[in-house]
Structure formats: structure tokens, C-alpha cells
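What follows is a short report on a single structure.
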Amino acid sequence: MITHPATLDVERTAGLDPEVLRRDFPVLHQEVHGKPLVYLDNAATTQKPSSVIDALVRYYEHDNANVHRGIHELSQRATNDYEDARTVVQEFLGAAESEEIIYTRGTTESINLVTASWGRANVGPGDEVLISAMEHHSNIVPWQILCEEKGARLKIVPINDDGEFLLDEYERLLSDHTRIVAVNHVSNALGSVNPVREIVDLAHERGALVLIDGAQAVAHMKVDVRSLECDFYAFSSHKIFGPTGIGILYGKRSVLETMPPCESGGDMIKHVTFEKTIYNDLPYKFEAGTPNIADAIGLGAALRYVNNVGLEGIGAYEEDLLAYATERLAAFEGVRLIGTAKHKASVLSFNLDSIHPHDLGTVLDREGIAVRAGHHCAQPVMDRFGVTATVRASFAFYNTRAEVDRLVETLHKAREIFA
Ligand code: PLP
């Protein structure tokens, strides 16, 4: 049983004060069904600070133009801001070069880019692709389609009853046929933090590449792709306080250079004749057409905001909040926690008695509490735990113990309603 300290350790959290930071998020200051909003659905999408909203408005009010194409002032400003944001992402991930940062629509598109480009060129009959039993559908279905198309085998690394990745089973499943391993850094359904460094080392020993789905990690912990040595790292802007519709695929230059383009058209070319097209350099080879300029700039603003708050403080604060929430729910009669890994981040999945998660979610919503109820796009995880759905409370640094208390109080109410 975890015992949380009675009060927050202010030194460990580098003085992070959620009450002060909440002021940066306009959406949090509202009532829902006549109750103050408690937003606990951050794993689905996070709220946006004013600095991100302002960056979008500023772009459209002052700089809107197409990038890379115009010699006029507005186009140059748009291009500078769009490329500056790429540098912010590069530094945020610790990538060696900004050419290794590809803009996509989000994690889903990043993974699809890898399966469609690298996968089609490198996976063949008899080859194997390894994923874990706790992947989001986005990191299952593209690999399934690739394997079906190529006559390759999709192998699944099992997890234990706490929702932990089984490293010894993984080692056993790796073989000389393994071409790539694709795992999430943090599970969206369970909150488990996976041993990605060890996963990368073991895969590389067998000559396999590694893609890490970082959708649920980047907002909660410092990620350094060079020290992880992963070949690909994917994340979505909207899960780290940035706009929707933009995301990132990091790839090692040595791997990206060998990959054919995925989509084709404008911007991804150097020279076109009817006989032959010379493709553009990285990263533009993978960015066909007019990109999502405003949202890339918004993502840059979001990462700057996170850097200012500090990921170390965020991690420590959320660890405390998760421990507090876990302890309160573990002590709640009738609650079954799904996902009790030793190393977790920010996600608390549970069921209460035999109340359907959708019913529980509806009761919580009537009290102004936003949670997710469903299979969380991870149906194989639900199957593994013998449930069809869970209620998921997921935290950000702007959540508080008082909000966890409101969640717990409302669960008591729900129990009375459904008794
Ligand atoms: N991977 C994980 C672990 C996720 O949690 C999600 C979204 O919930 C995704 C991938 C897909 O992200 P997006 O819908 O932003 O592409």
C-alpha cells in the first residue's frame, strides 16, 4: 500500500503550484451542470494555456501565409515561426538535428508513416514485428495491416496482472526474424511506464529497430531520444497542452534517409519532370503538401510553456497526486483498480462494483467531473483484465488533491444511486 505524505513536498516539485498554473488555462474556470469543472480526462486530451491560444491567434491575425514558397514578408515570418517550432521540438526531445523531426497529424499518423514507409520497404514474408499487450489501437492496427500485407508475423509481449511489461518474455520472443519492436512509453489504459531503455537495448542486440509511442509520456516525464537510442519516437501535440491536428515523428537520420516517401506532392520534391522526381531532403521528404502551420507554431508554444513549468517538477507533483488518488481509491470499498504497476504515470483506471463505467461516467459528469469511460482504444487490454471498459481518471499538473476528493465523494454518491 502506498502512503502519500500528508502534504506535498514543495522542494521535490520545484515549487510547482497548481493553483497558480491553473490561471493559465481559461477553460478550467467554468461550471459544468452548475458545478465547478474538474477535468480528469488529460490522457484523452489536455487543456491549452493562454500562451498557446495566443500564439494561434497571433499567427492568424499577423502572419498567415504559406511556408517555404513565398519571398514576401508574411511567408518568411510564417516559415521562420514554423521552423523555430521544429527546433523547439528537437531540443525538447534531445534529438541531434531538427531534420530528424517530422510534423505529422499526431501519434496515429506518425506510426502509420513508419508502417507505410519503413515497414513496406523492410518487412517481408517470415519477418516478425513485436508489440506489447498494452498498446493503443494506433500501435496495433497499422502493424497488423502491414504484417497481413507482407506475410509477416505480429508477436505480442505479454503483461502481468499489475499491467507490467514482461521483460523476460520479451527477450524470449525476440528473434533474428524480428524487424521492429513497437511499444508505448506509458500505457494510456493502465498508466504503466515501460522499461523502454532496456527494450531498445535488447532489440538492437538482435538487429531490430524500435518505435516508441510516446503519446502518454511526453507531458509527464523528460524524454531524451538520444539517451534512449530509439529509432523512432511518436507523440501528439494535443496531449501536451498544444493544438489538435499536429504531432511528431522523430526518426534517426540514418534510418529516415533510407526510407521512401510516404505521401507525395508539393514540398516533398526537389525537382519534378514527367520522367523522374528527385525527392526533397529531410524532413520535407515526409511532409507533402501545405502543412499545418498554425498548429505547429502552437505546439512550439506548448513545449515552451512546459519547459518553463519544468518537467522535473511536473513529474514529482503528478507522482504525489497519483499516489494520493491511488490510495484513496484503493481504500474505497468495491473499487477494482486496473493497472497497478510499480512504475506508473498519471492514469488511474478502475471499476466500481458492477456499475457500468458509462453510467459511472454520467454520474460524474452531472457533478462537473470529466473522466473517460470506455475501452480507451485498447480493447486487448480490457480483454486481458476481463472487463469491457473502465473509468479512467487521468491527471495533469493543474489537477489537485481537492479534485481527487471530489471524485471520491461523487463515487460515494454513485454507489448510493446504483445500490
Ligand atoms: N498511443 C497512445 C498510447 C495514446 O494514448 C493515443 C491516444 O489516446 C494514441 C496513441 C493516439 O493518439 P492520437 O489520437 O493523438 O493520434
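The values are calculated or read from the model by the stated rules, or taken from the named source; none is laboratory data. Because the structure is predicted, anything quoted here is derived from the model rather than measured. Methodologically, a virtual Cβ is constructed for each residue, glycine included, from the backbone with ideal geometry; neighbour enumeration extends over all protein chains shown.
From the set of residues in the range 322-361 that are closer than 18 Å to Ala217 by Cα and in contact with a Phe, Trp or Tyr (Cβ under 7 Å, 6 or more places away or on another chain), which is surrounded by the fewest Cβ atoms within 10 Å (Cβ to Cβ)? Lay out the reasoning, then the answer.
Let us first name the residues in the range 322-361 that are closer than 18 Å to Ala217 by Cα, namely 322-323, 339-349.
Add one more test, that the residue is in contact with a Phe, Trp or Tyr (Cβ under 7 Å, 6 or more places away or on another chain), and what stays is 322, 346.
Values: Leu322: 24, Ser346: 28.
Result: Leu322.
Restricting attention to the range 254-266 and to residues that are more than 20 Å from Phe92 (Cβ to Cβ) and buried (at least 19 other Cβ atoms within 10 Å of the Cβ), the residue that is nearest to the ligand (Cβ to nearest atom) turns out to be Cys262.
Checking the conditions here, which among Leu93, Leu130 is touching a Ser or Thr at 6+ places or on another chain (Cβ under 6 Å) and away from the ligand (no atom under 16 Å from the Cβ)?
None of the others qualify; the one that does is Leu130.
For Asp24, are the conditions met, namely being acidic (Asp, Glu), at negative phi, touching a residue at least 24 places away in the same chain (Cβ under 8 Å) and in a loop (DSSP other than H, G, I, E, B)? For Asp24, the condition - acidic (Asp, Glu), at negative phi, touching a residue at least 24 places away in the same chain (Cβ under 8 Å) and in a loop (DSSP other than H, G, I, E, B) - is met. Output yes when any residue across the range 135-147 is of a type in the set (Ser, Thr, Tyr) and within 20 Å of Leu202 (Cα to Cα), and no when none is. No, every residue in the range 135-147 fails to be of a type in the set (Ser, Thr, Tyr) and within 20 Å of Leu202 (Cα to Cα). The residues listed here are Gly124, Gly106; of these, the one that is among the small types (Gly, Ala, Ser) and more than 16 Å from the ligand (Cβ to nearest atom) is Gly124.
Being more than 12 Å from the ligand (Cβ to nearest atom), touching a helix residue (DSSP H, G or I) at 6+ places or on another chain (Cβ under 9 Å), among the acidic types (Asp, Glu) and farther than 19 Å from Glu312 by Cα narrows it down to one of Asp231, Asp224, so name that one.
Just one listed residue meets the conditions, Asp231.
Within the range 367-390, restricting attention to residues that are under 25 Å from Pro158 (Cβ atoms) and more than 16 Å from the ligand (Cβ to nearest atom), the residue that is surrounded by the fewest Cβ atoms within 10 Å (Cβ to Cβ) is Gly386. For the range 193-216, filtered to residues that are surrounded by fewer than 24 Cβ atoms within 10 Å (Cβ to Cβ) and assigned to a loop (DSSP other than H, G, I, E, B), the residue that is nearest to the ligand (Cβ to nearest atom) is Pro195. Candidates in the range 95-132 are the residues that are part of a loop (DSSP other than H, G, I, E, B) and within 17 Å of the chain's Cα centre (by Cα); of these, the one that is farthest from Lys285 (Cα to Cα) is Gly106.
If you go through the range 163-191 and pick out every residue that is over 16 Å from Val225 (Cβ atoms) and within 11 Å of the ligand (Cβ to nearest atom), you end up with 5.
A single entry from Leu190, Leu174 fulfils the requirement of being within 24 Å of Ala393 (Cβ to Cβ), at pLDDT 95 or above and crowded, with 16+ Cβ neighbours inside 10 Å: Leu190. Out of all the residues in the range 378-393, is one or more under 21 Å from Glu31 (Cβ atoms), among the β-branched types (Val, Ile, Thr), outside any strand (DSSP E or B) and touching a residue at least 24 places away in the same chain (Cβ under 8 Å)? No, the range 378-393 contains no residue that is under 21 Å from Glu31 (Cβ atoms), among the β-branched types (Val, Ile, Thr), outside any strand (DSSP E or B) and touching a residue at least 24 places away in the same chain (Cβ under 8 Å). Within the range 30-45, restricting attention to residues that are more than 16 Å from the ligand (Cβ to nearest atom) and of a type in the set (A, V, I, L, M, F, W, C), the residue that is surrounded by the fewest Cβ atoms within 10 Å (Cβ to Cβ) is Val32. Within the range 239-253, at least one residue is more than 16 Å from the ligand (Cβ to nearest atom) and surrounded by fewer than 19 Cβ atoms within 10 Å (Cβ to Cβ). One residue is enough: does the range 72-86 have a residue meeting the conditions surrounded by 18 or more Cβ atoms within 10 Å (Cβ to Cβ), of a type in the set (Val, Ile, Thr), within 22 Å of the chain's Cα centre (by Cα) and not in a strand (DSSP E or B)? Scanning the range 72-86, I find no residue that is surrounded by 18 or more Cβ atoms within 10 Å (Cβ to Cβ), of a type in the set (Val, Ile, Thr), within 22 Å of the chain's Cα centre (by Cα) and not in a strand (DSSP E or B), so the answer is no.
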